[in-house]
Each structure stands twice: as C-alpha cells, then as structure tokens.
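A quick write-up on the structure given underneath.
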Amino acid sequence: MKIAAYYCRVSTGRQEKEATIKSQIAEVEEKIRQSGNILGEDLRFADEGWSGDLLARPALDAMRDAAVKKEFEVLYVWDRDRIARKYAYQELILEELEESGIEIVDLHSSEIKTPEDKILLGFKGLFAEYEKVKIAERMRRGKLFKARSGKPVHGPGGYGYTYIPKTKDKDGYFVINQEQINNVRRIFQLVVEEGLSIRKLIAKLYKLEIYPPKSKRRAWSNSTLCRLLRNEAYIGRGYYNKTTAIEPIKPLKNEKYKKIKKSSRKLRPRDEWIPIKYPKTINKDLFYKAQEQLKVNAKFSQRNKKHNYLLSGLMYCDCGERMGCEGGNNPNRYYRGEARLKHYPLETPCKAAGINTDRVDGVVWNKVISLLTSPELIQRQAERWLNGKEKRDDLQEDIDNIKVLLSQLDEEEKRQAKAYGQEIITFQSFKELMDDIKQRRQSLNKQLLELLAKQQHQQVIPVLSVDQVVQAVPAAIGKFEFEDKRKVLMSLIKEIIINQARTHVKIRGYIPLYLEKEVNQKYELRSISWYCRASQ
C-alpha cells in the first residue's frame, strides 16, 4: 500500500478523446482504489482550462513541489499527454519525478519495460505534437477559405449581432439583435451629438443602465467601446483575418500563471484582411461622423494638463509644426513650436519664439465672437436653420422602438414561464432568465423615461423667431465658461497659424461669413465649409 497522488488536465480547446476533467478524475480515482493505494486529500492536482503547451500551470507546479518533498510515492495520470503536449516537456517532468523516486502509472499508455518501449513512447509523443500542429493548420486554412468564399466564419459577430450556426441545408449567418443594436445607435449618437469622450461615455451609459453583456462590473471598458465605435460591421463591412495574436510587450498584469500566452493582438497588413458582409445597422454618415469626433477628442484631450489652454491642439507655426503648451507652475504660459523637440539634439530649423497664451487666446476668442455675434450673420443662419429644420421626429422614433422592445420582453417572459411550467427548464435556469429579463426591462424603462422627459421639454420650449435668436445669441455667449469656449472653438476652428515673426494670425475655420466689409489686416478669414453641422 502506497501514498498516491493524481494529475489531470483538460485544455481550452478540448477534443473528444480528452474527456472532461470530472470523467478523468473519476477514472483515475477508481484505478487508485483498485490498486489498493491511499489517495491523500492534498494530493489531488487538476488544471482545468490549461493548454498542454504551457509548462507554468498552478496544479502542475504544486504536484512537482510535492514530489520534491516526497509527499507521495506514486503518481496516477489519465494519459501522459495530460502532463504536457510537447514531448520535450513530458520528458523533463517525467525525468524529474523518476529522480525523486516517484512511480508513474499511466492509464492509457502501455507500460515501459524495455528501452524500445521508451523509444516507441517518445515517437508517440512526437506524432501527437505533429498531429496538433497539422490540425491547427488545417483549421486555419479552412477558415481562410470559408471567409474568401464570402461566408461568415463562426463567432459571436460582435455586439449587436447573433451568429446562427450552419445546418445541412444552409451556411451560418448573422442576424441583428435589435435591443443591442438600439444601444449601439444610442452610443454613436451620444458621441456625435454630445461630443462625449470615451470616459464620459462610460459614465453616461452606466447612468442610462446600458450595460455591456457578460460584465460583472456592469460598466463598459475603454477598449471595448473603442472597438465598438470603430467596428465597420455596423455599416455592412466586417473583416476576418484582421488581427493576429501576439504575446503582450507590456502586459497589464505580471502574473506567474497565464492560461493564454498570446493574450494581445496586433493588426495585420490591410491587404490580408478578408471582407465579410454584415447586415447594415448604422447610417454611414453617423458612423463616419463618430470617427471624426473620436479624432477631435484625441486631439483636444485635456488630460494631464495642469492649466487651461483655450487653443490647445489648434495652434500651428507657419513652419508647419504644431505648437505645444508650456508653462508648468510659471504664471506666464506659452505656446511653442514643437520643431525644436523633434530635431533635438540637432539644431532646430525654426527659430521662432513662443507666444503668451493669454495674449493669443484673448485675440482669437474676441475675433471669433465678433463674427458669431454679427447680427447679419446670425440672421442669415437663423433663417436658414429655422426654415430648413427637419420634420422627422427622431425622439418619437426612439420611443416607439423601445416600446416594441418592451413588448418583446413581455412575450419572452411568457415563453419562459410556459417552458418552466412544462418542466422543460429547471427552476434555477428559469430564475436566471427572469433576472436577466428584469434587468433589461429596467434599463429600457429608464431610457424610455429619459426620452419622454426630453420630448416633454421640447414641447414646452417655444419656437424662437429670427429676431429673438439675433438678440439671444450674444447674451448666451457672454455667459460662457472655459469649457463652453473650448467647445465653440473646437467646433468652428480647424487650425490657427501664426507666422514666425509672431505678428500675423491666420484662422482657418467653418464660419460662413457673408461679410463684404474689410477685416483687420492681421487676420485672414476664409470659409472652408458653409454648411457643416457645427456652423448650423
């Protein structure tokens, strides 16, 4: 009678012959009982969901430590490839166990009695390793062929889509998850219409109770929202083979045990992407406006800035380089050309000095406001805006969509109750489904109440006449705080170019001037687009 231990493992890519971890343990424990050996309580080692290509596994390390301490005399394994997939790893660990005087019992491999048996077992390990590589290559080529044939490769399809697996008569395809797609449209609208940054968007979605799927935190992450907002599948153009898995260069967590080595991804060259058709769910105009807004948000981000710089991200020297913000704790802050930073330690080609932020901020703001408050300009724009206002009621359309989703939830609740009543599903499954429906209903009801409040607010706001608009605009602008001023300038100005002598300012923007009178010689005002959304 000997003290026994066992080691079992199943990988994430489980094959039929591997069985489940429970069936492995049951078979091994039965073998130990039949052998008359004693299984120690602390000598049960199992790695579930760990690849055999990895040598660093928590249960495997614990078993090796126990072997060094001679806590057991015999080790039972379901199959020797459970210890490791790679032949070299197998030999390393088995040799280590033999040196510790540990007997090894393999339930599915022949007993090693002669040197020839060991050689044959080695060949078996090498062929198993080769077979794994060959299967992986066949799978890869099969998926590429399927994608190039215009067929969607199996997968979740991204937020807003559900993949319907293939059958004998029909290939797999994506269908729209209407509730999720409504959330996607709302996300794009929040970015485009309110200009929200990713961080502010996360807070807004949490407030609206629009939660990501399968998230315990119930809050969206930066990376997930960035991928969602850049996902071209929503305009009908998805891609396969777009990225490849790599080991992270700067991992967020330096963990000892990692189930997946290649946990990061990088883009492949564009010519390797394979287009896949998706159902179109987002208007192209809305999608591309969101991309532009993301660029604007990145350009004008105020993070890591100790002070307020009104023209940050807009300033350029006429040598072609952007002008950054400098000052630190100094009360006198400056915009300085970045040419000297890019050419350091070499001599900079641009010798221009910096320019005081208060000086140029005030000049530009006053000039822009003098244009925005021009009665002639306001009147022309107000007439065009009020006369050309869209008749379609977007709020009512959103309200109707949410009401449809609520009615669908009612039907789903009835179906689940019927299934439970007919004992098709267990009480635990029924309870989980009901909790999910309850959460979704609460989220939709909250969105509905917010939309109804907006609609009511719009109904009580009187439609202003042109004369009233002309009088209201200057008064409203006079109350602007720093953030309000930033939003105005970010919307209306593309760039501000200062000559190297720091005497001439050129403002390029989107203000439709309609002005025939001469302007100050120090300013060049040129309209780029009269009919952009910001101008309206």
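The values are calculated or read from the model by the stated rules, or taken from the named source; none is laboratory data. On a predicted model such as this, the values are computed, not experimentally measured, just so you know. Glycine also receives a Cβ, built like all others from the backbone with ideal geometry; neighbour counts cover every protein chain displayed.
Entry remark, the range 400-410: residues being modelled with pLDDT of 85 or more and over 13 Å from Glu179 (Cβ atoms) number 1 in total. Within the range 468-490, the residues that satisfy the criterion of being under 16 Å from Thr373 (Cβ atoms) and either in contact (Cβ under 8 Å) with a residue 24 or more places away in the chain or of a type in the set (A, V, I, L, M) (or both) are Val469, Val470, Ala472, Val473, Pro474, Ala475, Ala476, Ile477, Lys485, Val488, Leu489. Note on the range 203-220: residues that are small (Gly, Ala, Ser) and in a helix (DSSP H, G or I) amount to 1.
With the condition kept exactly as written, say whether any residue in the range 260-271 is among the small types (Gly, Ala, Ser) and exposed (fewer than 12 other Cβ atoms within 10 Å of the Cβ). Within the range 260-271, none of the residues are among the small types (Gly, Ala, Ser) and exposed (fewer than 12 other Cβ atoms within 10 Å of the Cβ).
Please tell me if Asn177 is within 23 Å of Gln439 (Cβ to Cβ) and crowded, with 16+ Cβ neighbours inside 10 Å. Yes; evaluated as a whole, the condition is true for this residue.
Is it true that Lys124 is of a type in the set (D, E, K, R) and either over 30 Å from Glu91 (Cβ atoms) or outside the structural domain of Leu54 (by TED's automatic domain parsing) (or both)? So Lys124 fails the test.
Might you check whether a residue that is assigned to a loop (DSSP other than H, G, I, E, B), without any contact (Cβ under 8 Å) to a residue 24 or more places away in the chain and surrounded by 15 or more Cβ atoms within 10 Å (Cβ to Cβ) occurs anywhere in the range 159-170? No, every residue in the range 159-170 fails to be assigned to a loop (DSSP other than H, G, I, E, B), without any contact (Cβ under 8 Å) to a residue 24 or more places away in the chain and surrounded by 15 or more Cβ atoms within 10 Å (Cβ to Cβ). The residues of the range 185-200 that are more than 21 Å from Ile399 (Cα to Cα) and either under 15 Å from the mean Cα position of the chain (by Cα) or in a helix (DSSP H, G or I) (or both), listed by number, are Ser197, Ile198, Arg199, Lys200. Per the conditions (1) out of contact with any strand residue (DSSP E or B) (no Cβ under 6 Å at 6 or more places or on another chain); (2) modelled with pLDDT of 80 or more; (3) not assigned by TED's automatic domain parsing to the domain that holds Ile235, the sole criterion not satisfied by Glu292 is (3). Scanning the range 328-383 for residues that are closer than 25 Å to Ala476 by Cα and of a type in the set (Gly, Ala, Ser) yields Gly362, Ser370, Ser374, Ala382. I'd like to check something: does the range 427-440 contain any residue that is among the acidic types (Asp, Glu), over 30 Å from Gln180 (Cβ atoms) and either assigned to a helix (DSSP H, G or I) or modelled with pLDDT of 80 or more (or both)? No, the range 427-440 contains no residue that is among the acidic types (Asp, Glu), over 30 Å from Gln180 (Cβ atoms) and either assigned to a helix (DSSP H, G or I) or modelled with pLDDT of 80 or more (or both).
State whether the residues of the range 134-157 include one that is within 30 Å of Asp400 (Cβ to Cβ), at pLDDT below 75, touching a strand residue (DSSP E or B) at 6+ places or on another chain (Cβ under 7 Å) and surrounded by 12 or more Cβ atoms within 10 Å (Cβ to Cβ). Yes, the range 134-157 has at least one match. When you look at Ala88, is it touching a Leu at 6+ places or on another chain (Cβ under 6 Å) and more than 16 Å from Lys259 (Cβ to Cβ), yes or no? When the stated conditions are applied, Ala88 does not pass them. Considering the range 34-71, and only residues there that are modelled with pLDDT of 90 or more, charged (D, E, K, R) and in contact with a strand residue (DSSP E or B) (Cβ under 8 Å, 6 or more places away or on another chain), the residue that is nearest to Lys258 (Cα to Cα) turns out to be Arg44.
Evaluate the range 237-250: report whether one residue or more is assigned to a loop (DSSP other than H, G, I, E, B), modelled with pLDDT of 85 or more, loosely packed, with under 13 Cβ neighbours inside 10 Å and not aromatic (Phe, Trp, Tyr). No, because not a single residue in the range 237-250 is assigned to a loop (DSSP other than H, G, I, E, B), modelled with pLDDT of 85 or more, loosely packed, with under 13 Cβ neighbours inside 10 Å and not aromatic (Phe, Trp, Tyr).
Identification of strands (runs of 3 or more DSSP E) wholly contained in the range 38-115 with 2 or more residues that are free of Cβ contacts under 8 Å to residues at least 40 places away in the same chain yields 38-48, 103-106. Note on the range 229-255: residues that are touching a residue at least 40 places away in the same chain (Cβ under 8 Å) and among the basic types (Lys, Arg) amount to 2.
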